[in-house]
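So that we are looking at the same thing, I have put the structure below in structure tokens.
The values are calculated or read from the model by the stated rules, or taken from the named source; none is laboratory data. If you're wondering where the values come from, they're calculated on a predicted model, not measured in any experiment. Cβ placement follows ideal geometry from the backbone for every residue including glycine, while neighbour counts extend to all protein chains displayed. Calculation scope for accessible area: heavy atoms of the full protein, side chains included, ligands and nucleic acids excluded. Shrake-Rupley method; radii C 1.70, N 1.55, O 1.52, S 1.80 Å.
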Amino acid sequence: MKCVQVTAPGQLTHTDAADPTAPDPTHAIVKIDTVGICGTDVKILGGAIGVSYPRIMGHEMVGVVEVAADTGPPSGRRVLIDPAIVCGTCAMCRKGRGNICLEGGLLGRDADGVFAEYAAAPSHRLLEVPDSISGAAAGLLQVLGTCVHAQRGAPVLVGDVAVVLGLGVSGLLFTQLLSAAGATVVGVTRSEWKRDLARRLGASAVAAPGDADSLVRGMTGGRGADLVVEAVGTETTLAQAIELAGTGGEVIVFGTLTGGGRGLPYYQLYFKELTLRNPRAATIDDYARGIELAASGALDLESIVTDHLGLSEAPAAFERVRSADSLKVLMSVA
């Protein structure tokens, strides 16, 4: 089968590999249709996240069951593979928190992934995807599941003011999820075209980072936001999220921060009695809820897709991910 492997930091190749086989009757073989490139994939390619080489990359996909397992979706059924590798027996798995399995991993990082024509997966990690969800929209279902997981931990009330810092793919998904939940959403980014898109996708107001504080204070009578989603992944934006949050508010640290710097406004954390949430990945129930929302028509996923290339064009697709004028970059496998 054709696949995309990382063979060393910065080295990407479109090559041939052996077709996967089902290790036992509980596994299915899925023919991959569409895959998405994630920030984790970019870090793996750049060497910031180490893997065993060569590694077939990718964990975001939609495809069709070609060889069914003894249980689960039958052949011909369109599915999403939950990309988590879970042990099923550790303390976290027993609590239903397989997303933070103590022995867990991720397809495309800790085992060969889905940037390939076929993949084998346990049948209990497959979720059916209705045909009513377009191919482009289906390419966002995995990242949507992670956003659903993050928001589950910090439910909003109708009328709450929620700020989304960073209007990339996840930020625009949060904008829609929070708006659908009844929040008044403020989208914040330097990019004018992303602010315009956020308005079309449900944001009540938008602002550049330097104007966000005065806007939010004005909308809340000086109190600050009920919820702030940090969807950039820098210490600067996390500090701003803390400043924008009102007393008793919550901050979802969705962007992945990997290093320190000047420090955070720690006194504000104490004075406002803020709750910081650090969601990671998603559970299978989160993916199921994301699929349900996408199928209902409550979300516009296609507007977030800016590029759709072929698997053989993987180097160009990764270049597009790094471009300021791109959002979600998908690749067709067929």
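Can L299 be described as assigned to a loop (DSSP other than H, G, I, E, B) and either open to solvent by 50 Å² or more (accessible area, probe 1.4 Å) or touching a residue at least 12 places away in the same chain (Cβ under 8 Å) (or both)? Let's see the steps before the verdict.
Working: assigned to a loop (DSSP other than H, G, I, E, B): yes; either open to solvent by 50 Å² or more (accessible area, probe 1.4 Å) or touching a residue at least 12 places away in the same chain (Cβ under 8 Å) (or both): yes.
So L299 passes the test.
How many of the residues in segment 205-226 are part of a loop (DSSP other than H, G, I, E, B), in contact (Cβ under 8 Å) with a residue 24 or more places away in the chain and either open to solvent by 40 Å² or more (accessible area, probe 1.4 Å) or hydrophobic (A, V, I, L, M, F, W, C) (or both)?
1
Mind listing whichever residues of segment 64-89 are under 16 Å from V143 (Cα atoms) and not hydrophobic (A, V, I, L, M, F, W, C)?
Passing the criteria: D82, P83.
Are any residues in segment 128-165 crowded, with 22+ Cβ neighbours inside 10 Å and part of a strand (DSSP E or B), and if so, which ones?
V161, A162, V163, V164, L165 - these are the residues of segment 128-165 that are crowded, with 22+ Cβ neighbours inside 10 Å and part of a strand (DSSP E or B).
Right, next: How many of the residues making up segment 317-334 are in a helix (DSSP H, G or I) and open to solvent by 50 Å² or more (accessible area, probe 1.4 Å)?
So the count comes out to 2.
Can you name the residue in segment 259-280 that is open to solvent by 50 Å² or more (accessible area, probe 1.4 Å) and either of a type in the set (A, V, I, L, M) or touching a residue at least 60 places away in the same chain (Cβ under 8 Å) (or both) and, of all such residues, is nearest to A48 (Cα to Cα)?
R280
Please count how many residues of segment 237-266 are of a type outside the set (A, V, I, L, M, F, W, C), assigned to a helix (DSSP H, G or I) and at pLDDT 95 or above.
3
With the requirement that a residue be surrounded by fewer than 22 Cβ atoms within 10 Å (Cβ to Cβ) and among the acidic types (D, E), what does segment 227-249 give you?
If the condition is that a residue be surrounded by fewer than 22 Cβ atoms within 10 Å (Cβ to Cβ) and among the acidic types (D, E), then E235, E243 are the ones that fit.
Further question on the same structure: Just to be sure, is P73 crowded, with 16+ Cβ neighbours inside 10 Å, farther than 30 Å from G171 by Cα and in contact with a helix residue (DSSP H, G or I) (Cβ under 9 Å, 6 or more places away or on another chain)? Full working, then the answer.
On the way: crowded, with 16+ Cβ neighbours inside 10 Å: yes; farther than 30 Å from G171 by Cα: yes; in contact with a helix residue (DSSP H, G or I) (Cβ under 9 Å, 6 or more places away or on another chain): yes.
Answer is yes for this residue.
Can you go through V228, V305, V333 and tell me which one is under 26 Å from A212 (Cβ atoms) and out of contact with any Ser or Thr (no Cβ under 6 Å at 6 or more places or on another chain)?
V228
Please name all residue pairs, on different chains or six or more residues apart, with Cβ atoms under 6 Å, provided the first residue is in segment 84-109 and is farther than 22 Å from Y53 by Cα and open to solvent by 40 Å² or more (accessible area, probe 1.4 Å) and the second residue is aliphatic (A, V, I, L, M) and in a helix (DSSP H, G or I).
L102/M92
OK, next. Considering segment 90-101 alone, what residues qualify as being part of a loop (DSSP other than H, G, I, E, B) and closer than 14 Å to D285 by Cβ? Before you say what the answer is, go through the steps one by one.
Here is the first cut: in segment 90-101, the ones part of a loop (DSSP other than H, G, I, E, B) are 90, 95-97, 101.
Of everything in segment 90-101, those that are part of a loop (DSSP other than H, G, I, E, B) and closer than 14 Å to D285 by Cβ turn out to be K95, G96, R97.
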